[in-house]
Amino acid sequence: MSYIIDVSLFILKGSLLTLQLYAVTIIFSIPLGVVFALMKISRFKSLQYGIGIYTWVFRGTPLILQLFFIYYGLAIIGISLQPFTAAALTFIINYAAYLTEIYRAGILSIDKGQYEAAKALSMTYPQTIRRIVLPQVVRRTIPPTCNEAITLVKDTALVIVIGMGDLMRSANEIFTRDFTVTPFVVAACIYLMMTWVIVKVFNKLERKYSFYE
């Protein structure tokens, strides 16, 4: 039992970095996803095309390849980033691309009649988006956003390839030292607990925004 406790404490220390990376990615990728979604449905063709290329590239290439490119590739041309900075930048850009398409679909799902009704009430386009459209979009996109949030928990394990001491690397170090599956079982339990918390949070949000349905 004492061995399991020691292993758990060691792995939990590594999970702090995982949680930091997760928090930074969520905080920045969600607002970026909303902004990029609005840009993609704007009347400006250049914005539509630019965001379209961005989402195509980052949704169509592996996250681990993007991580290698930003951490190792940029260093070749003289742009050296700290591992955490490189990882955070990669995850934010990658997840913002997926969220852009989720929120774009959510915005387009709003009935056109609501825009016309808002216009009849002399509301500007920004007011219509902020007061009428976005609250409904939040409600409709909670399930797919929750899926992305859960996937993000698991994707953070990829930072092991650039030498970051996250949850997974901590478990792997103990495995290499003791050659036992116990650290992986503990790591799995921690990942499951994190995803359980995320699901609970999104379920609460879904109930809160059910008013808009």
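The values are calculated or read from the model by the stated rules, or taken from the named source; none is laboratory data. Just so we're clear, the structure is a prediction, and the values are computed from it rather than from any experiment. FYI the Cβ positions are ideal-geometry reconstructions off the backbone, even for glycines, and counts take in every protein chain you see.
Sort out which residues of segment 66-104 are over 20 Å from Thr145 (Cα atoms), among the aliphatic types (A, V, I, L, M) and free of Cβ contacts under 8 Å to residues at least 40 places away in the same chain, and write them in order of number. Break it down stepwise before answering.
Keep residues of segment 66-104 that are over 20 Å from Thr145 (Cα atoms), which gives 66-87.
Applying the additional criterion that residues be among the aliphatic types (A, V, I, L, M) yields 67, 70, 74-77, 79, 81, 86-87.
Within segment 66-104, Ile70, Leu74, Ala75, Ile76, Ile77, Ile79, Leu81 qualify.
Taking the options Leu89, Leu108, name whichever one is loosely packed, with under 13 Cβ neighbours inside 10 Å and at pLDDT 90 or above. Give the steps one after another, and end with the answer.
Values: Leu89 fails: loosely packed, with under 13 Cβ neighbours inside 10 Å.
Only one candidate passes the filter, namely Leu108.
Grab the helices (runs of 4 or more DSSP H) fully contained in segment 111-211, keeping just those with 2 or more residues being among the aromatic types (Phe, Trp, Tyr). Before you say what the answer is, go through the steps one by one.
Numbers: elements: 112-120, 125-128, 134-155, 167-178, 182-208.
Correct list: 182-208.
Scan segment 112-132 and give yes if some residue there is in contact with a Leu (Cβ under 8 Å, 6 or more places away or on another chain) and under 21 Å from Val35 (Cα atoms), otherwise no.
yes
Residue by residue, here is whether (1) of a type in the set (A, V, I, L, M, F, W, C); (2) touching a residue at least 24 places away in the same chain (Cβ under 8 Å) holds:
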| residue | (1), (2) |
| --- | --- |
| Gly113 | no, no |
| Ala117 | yes, no |
| Leu121 | yes, no |
| Thr124 | no, no |
| Pro135 | no, yes |
| Met164 | yes, yes |
| Met168 | yes, yes |
| Ala171 | yes, yes |
| Phe179 | yes, no |
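With the requirement that a residue be of a type in the set (D, E, K, R), assigned to a helix (DSSP H, G or I) and under 29 Å from Pro135 (Cβ atoms), what does segment 1-60 give you? Let's see the steps before the verdict.
Let us first name the residues in segment 1-60 that are of a type in the set (D, E, K, R), namely 6, 13, 40, 43, 45, 59.
Now narrow it down to the ones that are assigned to a helix (DSSP H, G or I): 6, 13, 40, 45, 59.
Across segment 1-60, the qualifying residues are Lys40, Lys45, Arg59.
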